[in-house]
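Working notes for the structure below.
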Amino acid sequence: MFGASQPVTASSSPLVPLPRRPLAPADASGQVRRWYENELGWPTVPGVPLRLVVGVRYDVLDVPAEAGHAALRHAAPGSPVALRGDRMLLWVAAGSAEELPGLLEWLDWGDLALDLVAIGAGGLMEAPSLPEPHGERAVPSACASHAAAPCGAGVAPAPRGRVGSQGAAVWLRPPEPGCEVEASLPTLSALGGAGDAPDLVRLVNAVATQCHRVRLRRVCAQPPAVRVQGP
């Protein structure tokens with residue numbers, strides 16, 4: 001005769017596994033990393049939040065959103081563009097960040113304080129969240145359509161290792177997996193020559209002009225300083 005059966009617990013039998021937490025639905029952070037690394041071929045660095053390595057396949061220009069919107073018509077529709085708070089991130093050809101200081105000097109913008117930042121070789125930036133094709137609604141393909149708005153330009157290179165601020169960006173015009181992104185990025189090589197890439201000189205000049213106008217409007221909107229007369 002056997003005694004009354006006892007309930008089997010994890011402590012009484014090594015064959016019963018300990019309770020496990022349910023798996024995350026899709027490992028959101030891993031999904032974002034796979035999209036950038038596998039579908040786009042853009043290098044990232046380990047860690048959270050996910051950060052992109054800039055200067056390998058592209059550089060990024062960080063400009064005021066108001067100035068960026070005004071200059072979008074000067075570039076090709078395939079150039080990726082993202083928004084981060086009141087800033088716009090514009091993708092340009094790798095190496096553009098090194099060219100910008102001299103280019104702005106040549107365009108007579110070098111002596112003015114423009115709210116422009118270029119992130120180039122050695123720089124990092126927080127990856128924008130996945131574009132809407134992975135979410136609620138689809139975005140037209142940049143390969144098949146040229147109806148979307150493009151990108152512009154910026155100022156002196158940021159220090160090596162600079163990381164974007166103001167939280168994660170969202171795509172205004174996402175890169176299209178399977179497209180050759182570099183072919184659509186603004187570059188100096190198109191200046192005076194053939195090719196489909198937009199001219200970086202015109203884009204830099206357009207964005208610098210808009211940044212200067214934004215700066216002037218802000219200065220004019222400030223109340224005049226009150227001067228206190230002495231006795």
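Things to note:
- Taking the listed residues 91, 109, the one that is open to solvent by less than 70 Å² (accessible area, probe 1.4 Å) and in contact with a Pro (Cβ under 6 Å, 6 or more places away or on another chain) is 91, with no other qualifying.
- Those residues of the stretch 62-88 which are farther than 18 Å from residue 209 by Cα, open to solvent by less than 10 Å² (accessible area, probe 1.4 Å) and in contact with a Cys (Cβ under 8 Å, 6 or more places away or on another chain), in sequence order: 79, 80, 81
- Residue match in the stretch 3-14 (condition: at pLDDT below 95 and β-branched (Val, Ile, Thr)): yes
- Pick from the stretch 216-231, criterion open to solvent by less than 100 Å² (accessible area, probe 1.4 Å) and closer than 30 Å to residue 62 by Cα, ranking: modelled with the highest pLDDT: 216
Each row is one residue, and each column tells you yes or no for (1) assigned to a strand (DSSP E or B); (2) within 26 Å of residue 207 (Cα to Cα); (3) modelled with pLDDT of 95 or more; (4) open to solvent by 70 Å² or more (accessible area, probe 1.4 Å).
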position: 34; (1), (2), (3), (4): no, no, no, yes
position: 49; (1), (2), (3), (4): no, no, no, no
position: 52; (1), (2), (3), (4): yes, yes, yes, no
position: 56; (1), (2), (3), (4): no, yes, no, yes
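- Residue 108 vs. criteria modelled with pLDDT under 90 and closer than 15 Å to residue 207 by Cα: no
- Residues that are aliphatic (A, V, I, L, M) and farther than 17 Å from residue 183 by Cα within the stretch 38-53 comprise 45, 48, 50, 52, 53, listed in sequence order.
- Cβ-Cβ distances below 6 Å connect the following pairs, each with a first residue in the stretch 87-112 that is farther than 10 Å from residue 185 by Cβ, a second residue that is among the polar types (S, T, N, Q) and in a helix (DSSP H, G or I), and a separation of six or more residues or different chains: 107/205.
- Qualifying residue in the stretch 19-32 (condition: at pLDDT 80 or above and either among the charged types (D, E, K, R) or assigned to a loop (DSSP other than H, G, I, E, B) (or both)): no
The values are calculated or read from the model by the stated rules, or taken from the named source; none is laboratory data. Worth saying up front: this structure is predicted, and the values here are computed from it rather than measured. Here the Cβ is made from the backbone with ideal geometry for all residues, glycine too, and neighbour counts use every protein chain on show. To get the accessible areas, we keep the full protein, side chains included, count just its heavy atoms, and leave off ligands, DNA and RNA. Shrake-Rupley method; radii C 1.70, N 1.55, O 1.52, S 1.80 Å.
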